Amino acid sequence: MKLLALAFFSVTAIFAADDLVTGTWNIDGDVQGNPVKEVCSLTLADAKVTGSCKGDQGAFDVTGELTGMKLVFRHGGEYQGDKLTLTYSGTIDDMGVLKGTLDVQPMDVSGDFTAKRDQPAK
């Protein structure tokens with residue numbers, strides 16, 4: 001019986017994490033005075049994050065991971081012909097808001113961002 005209860009709670013925790021990350025996120029940020037606005041569609045499976053982000057520079061595939069409430073994901077980009085990697089690293093709070101830092105390489109600049117998930121229509 002204890003084993004069955006443990007299995008139930010493990011499966012419940014996995015579905016809760018899926019619900020926490022999977023969906024469309026609206027990201028607003030700032031990197032050294034430059035506004036960042038993206039819409040990212042994320043999916044979580046086995047603690048791995050996939051999906052895509054779309055912004056002024058186009059659409060890019062996403063990879064990442066969720067550890068506890070910390071979400072890290074990255075995607076490519078381009079600025080004036082140079083290839084970039086944008087890495088978002090943040091924590092999801094009790095209200096479901098993701099806040100953290102945005103690192104842009106190889107430019108070696110960073111900033112802050114806040115992301116809110118779209119709520120499904122009821």
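A short reminder: the numbers here are calculations on the coordinates, not readings from a lab. Every value quoted in this text rests on a predicted model; they were computed, and no experiment measured them. Counting neighbours? That spans all protein chains shown, and the Cβs are built from the backbone with ideal geometry, glycine included.
Stretched out straight at 0.36 nm per residue, the stretch from residue 20 to residue 95 would grow longer than its current Cα-Cα span by 26.0 nm. Residue 84 label point, 7 Å along Cα→Cβ, cut-off 17 Å on backbone N: hits in region 20-44? The answer is 27-40. Seen from all sides and averaged, what is the projected area of the convex hull of the Cα atoms in region 38-78, in nm²? Spelled out: convex hull of the Cα atoms, projected over all directions, averaged, 2.7 nm².
Against the compact-protein benchmark of 2.2 N^0.38 Å, the Cα-based radius of gyration of region 2-117 scales to 1.15.
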